Every structure is written in structure tokens, then in C-alpha cells.
Amino acid sequence: MIPQYTSAALVSENKSLCFPASADSIPTSLGQEDHVSMGSISGRKFNQVLENLVSILAVELMFAAQGLEFRRPATCSKIVEKNYDLIRTKVQKLENDRLIGQDILAIATLIREQKFTVN
């Protein structure tokens with residue numbers, strides 16, 4: 001359950017990061033061009049949201065692959081099976097209790113490198 005808690009915490013953090021930076025503007029220069037100073041903050045928040053999303057997706061993909069294990073020998077579409085095979089090149093089936101932090105990081109790297117087939 002810990003990875004699910006991690007995902008939930010990251011989703012919650014993303015919700016707070018999506019609050020507009022401009023909503024907390026401090027007037028300067030008699031209220032002229034205050035939005036300019038908020039642009040860099042919005043960009044930083046957006047980058048953090050994207051990084052959190054990579055971790056969330058990594059957890060979801062890890063458990064999706066694990067879920068497919070329970071459906072074997074049934075198979076899925078070619079795209080799903082290709083992505084499953086990709087995950088299994090980096091992360092082995094979870095059969096015994098083990099630390100999975102490195103598994104999540106490995107899948108996150110695959111996401112960042114855009115290795116997954118999407119169509």
C-alpha cells in the first residue's frame with residue numbers, strides 16, 4: 001500500500017501546485033505588470049507537477065504490469081504487451097516482499113526517455 005500512498009500524496013501536491021501563482025500576486029510598480037513576476041513561479045510549479053506525474057505514472061505502470069501477471073496466460077493488445085515487455089526488461093515480477101523504490105525509478109526513467117509505445 002505504500003506506493004499507493006505515495007501516489008496519493010503526489011496527486012494532492014499537484015493539486016496545490018496547480019493553484020495559480022497569479023492569485024497570490026503582490027502589487028508592485030503601482031500594479032503594472034505584476035503578472036511578469038509570477039511567470040517564473042508558474043514555470044517552476046509546472047516542472048514539479050510534471051516530475052510528480054512521472055512518479056505517479058511509474059507506480060501505476062508497475063502495478064498494471066503486476067496485474068497482468070495474474071491474468072496470464074491471457075494476453076492483451078499488442079501495444080499493451082509491448083509496454084509490458086518493456087517494463088519487464090527493467091522490473092521483475094513481484095513475487096516476494098522487497099523494496100520497490102528502484103523499480104519505480106527504473107520505470108520513471110523509461111517514461112522520461114519516452115520508451116513506451118502509445119499507438
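Annotations
- In sequence order, calculated HN-Hα J values of region 75-81 (Karplus, 6.51, -1.76, 1.60; Hz; x Gly/Pro): 10, 10, 5, 4, 5, 4, 5
- Order by protection proxy (mean Cβ within 10 Å, highest first), peptides 52-62, 11-21, 80-90: 52-62, 80-90, 11-21
- The residues packed around V49, meaning those with a beta-carbon under 13 Å from its beta-carbon, carry a net charge of +1 if Lys and Arg are +1 and Asp and Glu are -1.
- Neighbour net charge for A106 - beta-carbon separation under 12 angstrom, K R +1, D E -1: +2
- Helix-only [θ]222 nm of the chain, DSSP H runs n ≥ 4, -39500 (n - 2.57) each, per residue, nearest 500: -22000 deg cm²/dmol
- Annotation: average projected area of the chain is 9.5 square nanometres, based on the convex hull of Cα atoms across all directions.
- With 10 Å bins from 0: P(r) over region 59-119, alpha-carbon pairs, percent: 22, 57, 20, 0
- Structural descriptor for the chain: relative contact order 27 percent, calculated from alpha carbon pairs under 8 angstrom and at least 6 residues apart.
No lab work stands behind these numbers, since they all come straight from the coordinates. Everything quoted here is computed from the prediction, not taken from an experiment. Reconstructed Cβ throughout: ideal geometry from the backbone, glycine too, with neighbour counts over all protein chains shown.
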